[in-house]
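Single-structure report; data block below.
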């Protein structure tokens with residue numbers, strides 16, 4: 001009784017059929033015949049995954065129908081004439097083994113398939129009944145028995161347990177052999193018995209968890225069913241709780257953890273609903289909370305709960321151990337701090353001892369800014385001047401100490417390899433690179449503890465009980481004139497105030513050989529030399 005349709009067909013024998021802009025045969029409505037309620041749930045699940053059911057809910061109907069043999073089936077119908085939408089629905093109906101038909105009541109013709117790319121037309125029956133389906137495999141009339149509301153179907157469904165339960169829901173999946181990592185959820189809800197509410201709130205307060213108490217309204221709503229279950233127990237909403245805390249709370253009796261799925265929909269952690277409830281938001285009134293528990297059918301409604309922050313519920317108390325008759329008793333006392341009108345006397349200063357200790361792991365990554373050259377190596381220093389640039393030579397300063405010549409200024413002292421390098425943990429405060437000052441203090445506190453002036457050098461040397469201090473004004477630029485004057489007094493410690501200007505200094509130098517002027521990489525050969 002079916003026949004394929006060609007393009008640009010002018011008339012149809014089944015009323016209500018027409019071709020859209022793509023040439024596909026469509027009607028005012030679409031109908032899906034499902035043999036059991038399990039297939040209805042599976043079809044709704046696939047539709048909720050593929051589409052947003054909120055757009056289809058205004059015209060979505062589920063009817064229980066009977067054929068002439070009194071066999072019951074379920075007919076899911078929706079008003080639509082969009083062939084692009086019907087193509088997506090047809091792909092889903094093949095997964096559940098159900099036929100998809102288009103048309104208008106009472107006649108529905110099979111939607112297009114491989115044998116009829118544009119669709120079908122049919123010879124209608126003379127007595128169609130309430131509705132008739134025309135498919136390539138059968139032609140059958142049906143009688144409507146009753147309508148099954150989607151809310152009634154949801155009230156009969158039960159949550160499905162997820163593999164691993166609660167612990168698996170709080171952990172990330174194992175990838176490439178890497179162990180599971182716990183991830184703290186951003187928002188969770190908790191229900192418990194009335195006796196556990198106060199201890200759990202105090203535990204959340206002690207762990208620093210942001211939470212609030214939700215108290216449902218006890219009066220029923222006039223627009224809900226009379227037999228619907230309503231929740232009267234308070235709920236606790238938690239923001240970013242730790243996984244360890246959630247595992248401890250879930251081990252308590254009557255405690256259940258719920259996760260939000262959509263607005264106002266809570267599902268127990270470790271379970272999943274057969275339908276994607278987030279695509280059915282228009283079914284549920286705003287302002288209410290619907291609680292779906294594992295092991296129970298349907299949902300429990302918490303009507304417009306009032307939200308109370310945790311800060312307003314906790315009253316801080318102090319527990320005091322009091323000795324009475326040789327036994328210890330505990331008594332909670334409210335915390336009421338006393339307001340002092342005047343400040344007390346300043347506290348006694350705390351004595352801090354600085355010590356020079358070995359640095360673990362060797363020297364630091366910071367470049368040194370000073371070096372101490374022993375007097376017997378001063379002649380080697382004169383031969384290293386060729387490694388210093390003019391800017392580095394002018395920026396370095398030197399002052400004589402009992403143990404050698406102290407050169408400071410910047411990191412150019414690294415080229416003077418004949419001495420001991422020092423770091424500068426504070427301005428003008430120098431410590432050997434292999435040592436550090438303990439305890440580690442900020443530069444301002446170090447200078448304050450040592451009473452260091454703005455123009456004062458302080459040098460810590462290993463083995464010395466006291467650091468050396470010298471005024472920065474005694475230092476001079478590191479120049480040949482200064483070093484020549486110091487070389488004439490080699491081995492003599494120059495203390496502050498002992499430096500005298502040298503009127504005439506004889507410079508000692510060695511003539512350069514021819515090979516010292518050659519570059520390290522050899523002479524370049526040009527064509528003119530050849």
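Structure values in brief
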| read-out | value |
| --- | --- |
| Only one of 112, 70 that is surrounded by 15 or more Cβ atoms within 10 Å (Cβ to Cβ) and assigned to a loop (DSSP other than H, G, I, E, B) | 112 |
| Count of the range 32-43 residues which are under 22 Å from residue 140 (Cα atoms) and either modelled with pLDDT of 95 or more or surrounded by 14 or more Cβ atoms within 10 Å (Cβ to Cβ) (or both) | 8 |
| Positions within the range 274-303 being exposed (fewer than 15 other Cβ atoms within 10 Å of the Cβ) and either at pLDDT 85 or above or at positive phi (or both), in sequence order | 287, 295, 296, 297 |
| Residue check for residue 412: in a helix (DSSP H, G or I) and either outside the structural domain of residue 448 (by TED's automatic domain parsing) or more than 18 Å from residue 470 (Cβ to Cβ) (or both) | yes |
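Residue-by-condition table, conditions (1) surrounded by 13 or more Cβ atoms within 10 Å (Cβ to Cβ); (2) over 26 Å from residue 141 (Cα atoms):
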position	(1), (2)
8	no, yes
11	no, no
14	yes, no
27	yes, no
30	yes, no
55	yes, yes
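The values are calculated or read from the model by the stated rules, or taken from the named source; none is laboratory data. What you see is a predicted model; the values in this text were computed from it and never measured. Neighbour counts run over all protein chains shown; Cβ positions are idealised from the backbone, glycine included.
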